[in-house]
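Peer 1: Starting off with a structure, shown below.
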Amino acid sequence: MSELEETFAKEMELLRKLPPPPPLGKHIPWEDMQHTRCHCGHLVPKNTLRTYWTGYIYALDNACECCKKDLDQMTKIVCAGCKGRVVARITPHTDKDGFEFKAGDTLHVKSCRFCDTVIKESTIGEKLYYLTHNKDRLKKQVDMGKYRL
Ligand SMILES: [Zn+2]
Ligand SMILES: [Zn+2]
Ligand SMILES: [Zn+2]
């Protein structure tokens, strides 16, 4: 295993060991004691937040009822540092390096600007993994899976 692959494997191992997110914890930017906010601006009551298993961790989805259908067709980015909060949604597409953001998939970052105010970019673990396994494409790749979230 290369150094990058080892790092990724370790990170994913850590993600797997994370306990389920405290659903009402401090990692969610609550609007008030009872609500968080959907991307559209609508308030979402705590008790309607959806929790789902991503394959690595439990994620908390703050999509409101009216956005749910559309947002479920996007690619969700879940932050482990935020204990599974959905921190971004990306329109499905394929990057120049061939990495696919598939509709409905969940990808993972270790931290984001909400839980780590020092970092400027987050690395999508799956993309890093993809890049290390597709080295022939690396020369075309520009971002190493880093995103501003
Ligand atoms: Zn909404
Ligand atoms: Zn709404
Ligand atoms: Zn975070």
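The values are calculated or read from the model by the stated rules, or taken from the named source; none is laboratory data. Because the structure is predicted, anything quoted here is derived from the model rather than measured. Glycine also receives a Cβ, built like all others from the backbone with ideal geometry; neighbour counts cover every protein chain displayed.
Okay, residues lined up against (1) loosely packed, with under 13 Cβ neighbours inside 10 Å; (2) over 21 Å from residue 30 (Cα atoms); (3) away from ligand 1 (no atom under 13 Å from the Cβ); (4) of a type in the set (D, E, K, R):
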site	(1), (2), (3), (4)
53	yes, yes, yes, no
67	no, no, no, no
77	no, no, yes, no
81	no, no, yes, no
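Peer 1: What residue, of 63, 103, is assigned to a loop (DSSP other than H, G, I, E, B), loosely packed, with under 14 Cβ neighbours inside 10 Å and of a type in the set (A, V, I, L, M, F, W, C)? If you could, list the steps in order and put the result at the bottom.
Peer 2: Values: 63 fails: loosely packed, with under 14 Cβ neighbours inside 10 Å.
The conditions single out 103.
Peer 1: Take the conditions modelled with pLDDT under 90, within 24 Å of residue 121 (Cα to Cα) and surrounded by fewer than 19 Cβ atoms within 10 Å (Cβ to Cβ) and apply them to residue 39. Does it pass? Quick ask: steps written out before the conclusion?
Peer 2: Details: modelled with pLDDT under 90: yes; within 24 Å of residue 121 (Cα to Cα): yes; surrounded by fewer than 19 Cβ atoms within 10 Å (Cβ to Cβ): yes.
Here the answer is yes, as residue 39 does meet what is asked.
Peer 1: Right, here's the next one. Every residue in the range 86-119 that is under 23 Å from residue 130 (Cα atoms) and touching a residue at least 60 places away in the same chain (Cβ under 8 Å), please. Steps first, please.
Peer 2: First, pick out the residues of the range 86-119 that are under 23 Å from residue 130 (Cα atoms): 86-112, 119.
Hits for the range 86-119 are 87, 88, 108, 110.
One line per residue, one yes/no per condition, for (1) within 16 Å of ligand 2 (Cβ to nearest atom); (2) basic (Lys, Arg); (3) within 23 Å of residue 42 (Cα to Cα):
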position	(1), (2), (3)
54	no, no, no
63	yes, no, yes
70	yes, no, yes
77	no, no, yes
82	no, no, yes
89	yes, yes, yes
92	no, no, no
106	no, no, yes
118	no, no, no
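Peer 1: Run down 33, 74, 12 and say which single residue is at pLDDT below 90, within 16 Å of the chain's Cα centre (by Cα) and over 16 Å from residue 115 (Cα atoms).
Peer 2: On the way: 33 fails: within 16 Å of the chain's Cα centre (by Cα); 74 fails: at pLDDT below 90.
It is 12.
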